[in-house]
Structures are given as structure tokens and as C-alpha cells.
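In what follows, a structure is listed as C-alpha cells, so that the remarks can point back to it.
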Amino acid sequence: MDWVYSKEIGHGGFATVHLTAPAETCPSDHPPLMAVKFSDAALSSSLRHKRRVLSELGDCPRIVRCFNHPLTAEHRGKELYNVLLEYVASGSLANSMKSMGSPSRSPRSDPTRWNQLMKRSLSSFSL
């Protein structure tokens, strides 16, 4: 699958995330915006583990979806390991907590709200 990179939307210790859109030649079964998380193929063990976990979780409604994708690609002479993910405009749970205030710094009702959010998310799949 080919995609068109847009802007970088995240960067961590082992991977970078870019907002992307499928190229015009791609099948229409993908959403109009996606996130591609990638790392150097030689250093991709953490990203490979994340992909396995997300794939095992399947289509849980509160878990970011992982799409089929080519496992490696080449960019500027480097082999990259890619994970094609559902794009969530609100970002990660960590970003939401930062923007709304983390439970440790929030009024008494906020820890309850975060606890309920986590329970709903965990109830989406069975262990």
C-alpha cells in the first residue's frame, strides 16, 4: 500500500509517527487519514511487539485499529519497519490527560472519571 506522508505528529524513544493519507492508487477500504508509526528496521523490536499486541486485540471499539500494511519500506536508503494505525484526532490517552489535567492535579471527581474511562476501555476485550 502506498501512502502520502503529511506532517510528523509524534516522536518517541523508538519510533516516529506521521499523519498520512492513502495514495490515489490505494483501495478505498482505508480511512482518509491514518497514522504511520515507523522506526529503523534494525531497531524495531518494540514497534513489532506493539503491532502484535494491537493485532491480537482486533476490532475492540476503544482500541486503536492496526491495518494490514507492508512490514518494511525504504526511505532515503534506510529500511524502515512500519505500523499503519487508525488516526485518532484527540491523540493518545497521555495527551488527553495532559490537556485535561492529570488525576494527581485535578479536582476529586477527575480520578473517578479516569478510572471509569480505563474500565470501559479494558472491558472492550477479554484477557
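The values are calculated or read from the model by the stated rules, or taken from the named source; none is laboratory data. Remember, it's a predicted structure, so these values are computed and weren't measured experimentally. No Cβ is skipped: glycine too gets one built from the backbone with ideal geometry, and neighbour counts run over all protein chains shown.
Points worth noting:
- Qualifying residue in region 27-41 (condition: under 13 Å from the mean Cα position of the chain (by Cα), at pLDDT 85 or above and either surrounded by fewer than 11 Cβ atoms within 10 Å (Cβ to Cβ) or among the charged types (D, E, K, R) (or both)): yes
- Of all residues in region 45-76 being small (Gly, Ala, Ser) and farther than 17 Å from THR16 by Cβ, the one that is modelled with the highest pLDDT: SER55
- Within region 48-66, the residues that satisfy the criterion of being under 17 Å from LYS37 (Cβ atoms) and touching a residue at least 60 places away in the same chain (Cβ under 8 Å) are LEU57, ILE63.
- Residue within region 77-98 that is more than 23 Å from the chain's Cα centre (by Cα), modelled with pLDDT of 75 or more and of a type in the set (Gly, Ala, Ser) present: yes
- Residue in region 109-123 that is modelled with pLDDT under 75, assigned to a loop (DSSP other than H, G, I, E, B) and out of contact with any strand residue (DSSP E or B) (no Cβ under 8 Å at 6 or more places or on another chain) present: yes
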